[in-house]
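Please read the structure below before turning to the comments.
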Amino acid sequence: ADGYGRPVTSLTAPDVLVWTTNLAAGRGALLTVACAAAVLGCAVARLRDPGLVPGRIVLVIALLGMLTPGVTGHASSSASHEVAVTTVALHVAAASLWVGGLAAILVLLGRRRELLVTALPRFSTLAGACLAVVTVSGVLTAQVRLGSWAALLFTGYGALVIAKAAALVLLGGLGLLTRR
């Protein structure tokens, strides 16, 4: 509906078919739905037999599903297409691993100190690498989208980039304090 600029109630089956087969955003959304279904199927299979589907396979499928909207959105039509798509994919993947890993630690290990002793140093290494990738990919993405230093200071997107950079420095500092 958003892609056609019409209410959901006015869409027809042919509209949806054209959107999912002919437009990058539609194919991306379809791939995301397929990845979500595959992750759900893997989760059900792992409930029955944890060794049936390796956890890394599920992680790769989930990451692919998260990357698709980013690389089929505004980045796909950017003037510097290759740089924009690559940096958005790296940015989303690193942020997802960082935030998802932190959430998993909090939910699954938060009260189990004996497991935290092993998990936190490993996660800290992953988080540091993710912070570096998020920083570099964010700078490159901003450079492609802004085009000039003046745009950083005088546009809404530039203000957003500055706010995100400040948040990133704060999060990195908190992570460093936690690590020490």
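The values are calculated or read from the model by the stated rules, or taken from the named source; none is laboratory data. Given the structure is predicted, the values throughout are model-derived calculations rather than measurements. Virtual Cβ from ideal backbone geometry, glycine too; neighbours counted across all protein chains shown. Remember, those area values only see protein heavy atoms, side chains included, never the ligands or the DNA or RNA. Shrake-Rupley method; radii C 1.70, N 1.55, O 1.52, S 1.80 Å.
A single entry from 60, 39 fulfils the requirement of being open to solvent by 70 Å² or more (accessible area, probe 1.4 Å) and either over 17 Å from the mean Cα position of the chain (by Cα) or of a type in the set (A, V, I, L, M) (or both): 60.
Go through segment 102-125 and give me each residue that's of a type in the set (Val, Ile, Thr) and crowded, with 17+ Cβ neighbours inside 10 Å. 105 - this is the single residue of segment 102-125 that is of a type in the set (Val, Ile, Thr) and crowded, with 17+ Cβ neighbours inside 10 Å. Taking segment 126-147 as the region of interest, how many residues are open to solvent by 60 Å² or more (accessible area, probe 1.4 Å) and at pLDDT below 90? Within segment 126-147, residues that are open to solvent by 60 Å² or more (accessible area, probe 1.4 Å) and at pLDDT below 90 number 5. State whether one or more residues within segment 89-101 are open to solvent by 70 Å² or more (accessible area, probe 1.4 Å) and modelled with pLDDT of 85 or more. Among the residues of segment 89-101, at least one is open to solvent by 70 Å² or more (accessible area, probe 1.4 Å) and modelled with pLDDT of 85 or more, which makes the answer yes. The criterion of at least 3 residues that are in contact with a Leu (Cβ under 9 Å, 6 or more places away or on another chain) is met by the following helices (runs of 4 or more DSSP H) wholly inside segment 76-180: 81-104, 113-146, 156-179. Evaluation of residue 66 against the conditions (1) open to solvent by less than 70 Å² (accessible area, probe 1.4 Å); (2) modelled with pLDDT of 85 or more shows that the sole unmet condition is (1).
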